[in-house]
Amino acid sequence: MKVISHSADGFRNLKNTDIQAHPSMNIIFGENGQGKTNIIESIWLFTGCYSFRTHKNAELVCKNSPFARSQLVFSSNEREQTAQMKITKIKEIKLNGADCTSPREMIGKFSCVVFSPSTLSIIQGAPGERRRLTDVAISLIKPNYAVLMSRYLRTLDQRNALIKKISEKSYPLSTLDAWDEALSTLGAAVISYRLDYIEKLKEKAAAIYGGISSSREKFALEYSFLKSKGETDEKRIKEILFNDLVASREADLRRLYTAGGPHSDDLIITLDGGEARAYGSQGQKRSCALALKLGEAMVMEEVTGEAPVVLLDDVMSELDEGRQRFILNYLDAWQVFITCCDPSALLRSETGKIFEVKNGTVEEKTV
Ligand SMILES: Nc1ncnc2c1ncn2[C@@H]1O[C@H](COP(=O)(O)OP(=O)(O)OP(=O)(O)O)[C@@H](O)[C@H]1O
Ligand SMILES: [Mg+2]
């Protein structure tokens, strides 16, 4: 997967930008607030996922413009493709001239991974942040997973609504039987997908972390369900979830929602056995998040047979020179878009193209 060119106009502060990309390294530099992240965000949106900064389309459109337009020419499986996006209150996407019914149709067509400052929430955020980033990563390689997840969440909402009704009208608890059956079946499928993904991810992320930190700390990743229940067989997982739902009915009725299940699971990320969230330094947390993201890219390549584009927004700050050098060497075989304020350190070690962003415009510079 390679970006050949990207252009945008009216996307946040971007004005008629045009990037003819280099097949490996693309350095995007400029002062704060000039539009570097906007370029990364605009490329990312062609994956069909929500922005990593907002779910509101209106925020993506320049305040003085009725709409935003962007275009991405990319090669996938050696085939050149063109995707065009128009954003108003909604996003409209055309792929090779044909309308997509929804942005989600782009999932799997153009794939990239993004590291942005908000990715750090995979380490320091609440469990919901870790689940969300994991669920997005799985959806990008297994589009059926997004459908499964929304069925699970819909069924969970229905069980929660019934719990409220039972508490108001004193229906018997046995009216939950059918919902517990459905929720545990869907929940077991969700957990199976996550276990499979985390199994693939954990070795890769640990190896990358070892490289970034010169093996100073040992990185480990675990899924909370596996840690507490020790079960990987989907049929057994379904039984465990069903029994837990039945056992927690009285408690759920008191709190008026379903507390347990994959919607409350977590990813446990440790360094030398201590949770990175609680004990990691800033640089260590950043290195963990980066190892998880680059690991995600490797899983994507393994599953889809094609290396995704890597978008790194503001990744180098807080990393010492050894860590920075490892990352740049590591990324050698991939197409990378990396933003920074001062490109001098990146320029020393890399060939590729360099673009300066000033007040929403982009100019290619000679290295
Ligand atoms: N909808 C919008 N309309 C117009 N301008 C916008 C809109 N949304 C954001 N901006 C502007 O875009 C600029 C921010 O761009 P961006 O986040 O890409 O900066 P950056 O170059 O990455 O900066 P930093 O180095 O601080 O991360 C700001 O000047 C902001 O005011
Ligand atoms: Mg930025």
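Does any residue of segment 244-262 turn out to be touching a strand residue (DSSP E or B) at 6+ places or on another chain (Cβ under 9 Å) and of a type in the set (S, T, N, Q)? There is no residue in segment 244-262 that is touching a strand residue (DSSP E or B) at 6+ places or on another chain (Cβ under 9 Å) and of a type in the set (S, T, N, Q). Write out, first by first residue and then by second, each pair whose Cβ atoms fall under 7 Å of each other, whose residues are 6+ apart or on separate chains, and whose first residue, in segment 105-121, is within 13 Å of residue 312 (Cβ to Cβ) while the second is away from ligand 2 (no atom under 13 Å from the Cβ) and in a loop (DSSP other than H, G, I, E, B). Sorted first by the residue in segment 105-121, then by its partner, the pairs are 112/308; 113/308.
Looking across segment 1-30, not a single residue is surrounded by fewer than 17 Cβ atoms within 10 Å (Cβ to Cβ), touching a Cys at 6+ places or on another chain (Cβ under 9 Å) and modelled with pLDDT under 95.
Rundown of residues vs (1) at negative phi; (2) at pLDDT below 95; (3) touching a Ser or Thr at 6+ places or on another chain (Cβ under 8 Å), yes/no style:
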site: 66; (1), (2), (3): yes, no, yes
site: 71; (1), (2), (3): yes, no, yes
site: 98; (1), (2), (3): yes, no, no
site: 108; (1), (2), (3): no, yes, yes
site: 111; (1), (2), (3): yes, yes, yes
site: 121; (1), (2), (3): yes, yes, no
site: 129; (1), (2), (3): yes, yes, yes
site: 143; (1), (2), (3): yes, yes, no
site: 158; (1), (2), (3): yes, no, no
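Figure legend. Inter-residue proximity from segment 291-318: first residues over 13 Å from residue 334 (Cβ atoms), second residues among the aliphatic types (A, V, I, L, M) and part of a loop (DSSP other than H, G, I, E, B), beta-carbon distance below 9 Å, spacing 6+ or different chains. Indicated pairs: 304/1.
Listed here are the residues, each with its yes/no results for (1) crowded, with 19+ Cβ neighbours inside 10 Å; (2) in contact with a Pro (Cβ under 6 Å, 6 or more places away or on another chain); (3) not small (Gly, Ala, Ser).
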{"residue": "147", "(1), (2), (3)": "no, no, yes"}
{"residue": "156", "(1), (2), (3)": "yes, no, yes"}
{"residue": "159", "(1), (2), (3)": "yes, no, yes"}
{"residue": "167", "(1), (2), (3)": "no, no, no"}
{"residue": "181", "(1), (2), (3)": "no, no, yes"}
{"residue": "193", "(1), (2), (3)": "yes, no, yes"}
{"residue": "201", "(1), (2), (3)": "yes, no, yes"}
{"residue": "215", "(1), (2), (3)": "no, no, no"}
{"residue": "219", "(1), (2), (3)": "yes, no, yes"}
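In segment 273-311, the qualifying residues are those that are outside any helix (DSSP H, G or I) and among the small types (Gly, Ala, Ser), and the one that is nearest to residue 337 (Cα to Cα) is 307. Against the conditions (1) under 20 Å from residue 326 (Cα atoms); (2) surrounded by 15 or more Cβ atoms within 10 Å (Cβ to Cβ); (3) of a type outside the set (A, V, I, L, M), residue 281 satisfies every one except (2). Looking only at residues in segment 222-272 that are part of a loop (DSSP other than H, G, I, E, B) and more than 29 Å from the chain's Cα centre (by Cα), the one that is surrounded by the fewest Cβ atoms within 10 Å (Cβ to Cβ) is 256.
Restricting 105, 78 to those that are charged (D, E, K, R), touching a Gly at 6+ places or on another chain (Cβ under 8 Å) and away from ligand 2 (no atom under 16 Å from the Cβ) reduces the list to 105. Segment 13-78 holds strands (runs of 3 or more DSSP E) entirely within its bounds, and those carrying 1 or more residues that are within 10 Å of ligand 1 (Cβ to nearest atom) and under 22 Å from the mean Cα position of the chain (by Cα) map to 25-29. The residues in segment 219-269 that are under 30 Å from residue 280 (Cα atoms) and touching a helix residue (DSSP H, G or I) at 6+ places or on another chain (Cβ under 9 Å) can be counted, and the count is 22. Candidates in segment 31-53 are the residues that are within 17 Å of residue 1 (Cβ to Cβ) and aliphatic (A, V, I, L, M); of these, the one that is nearest to ligand 2 (Cβ to nearest atom) is 40.
Entry remark, segment 312-346: residues being of a type outside the set (A, V, I, L, M), crowded, with 22+ Cβ neighbours inside 10 Å and part of a strand (DSSP E or B) number 2 in total.
Report, ordered by the first and then the second residue, all pairs with beta carbons closer than 7 Å, sequence separation of six or more or different chains, a first member in segment 85-104 that is without any contact (Cβ under 8 Å) to a residue 24 or more places away in the chain and under 12 Å from residue 61 (Cα atoms), and a second member that is surrounded by 13 or more Cβ atoms within 10 Å (Cβ to Cβ) and among the aliphatic types (A, V, I, L, M). Matching pairs, first to second residue: none at all. Checked against the criterion of being closer than 14 Å to residue 49 by Cα and outside the structural domain of residue 83 (by TED's automatic domain parsing), segment 160-177 contains not a single residue that satisfies it.
The values are calculated or read from the model by the stated rules, or taken from the named source; none is laboratory data. This is a predicted model, so every value here is computed, not measured. Please note: Cβ atoms are built from the backbone with ideal geometry, for glycine as well, and neighbour counts cover all protein chains shown.
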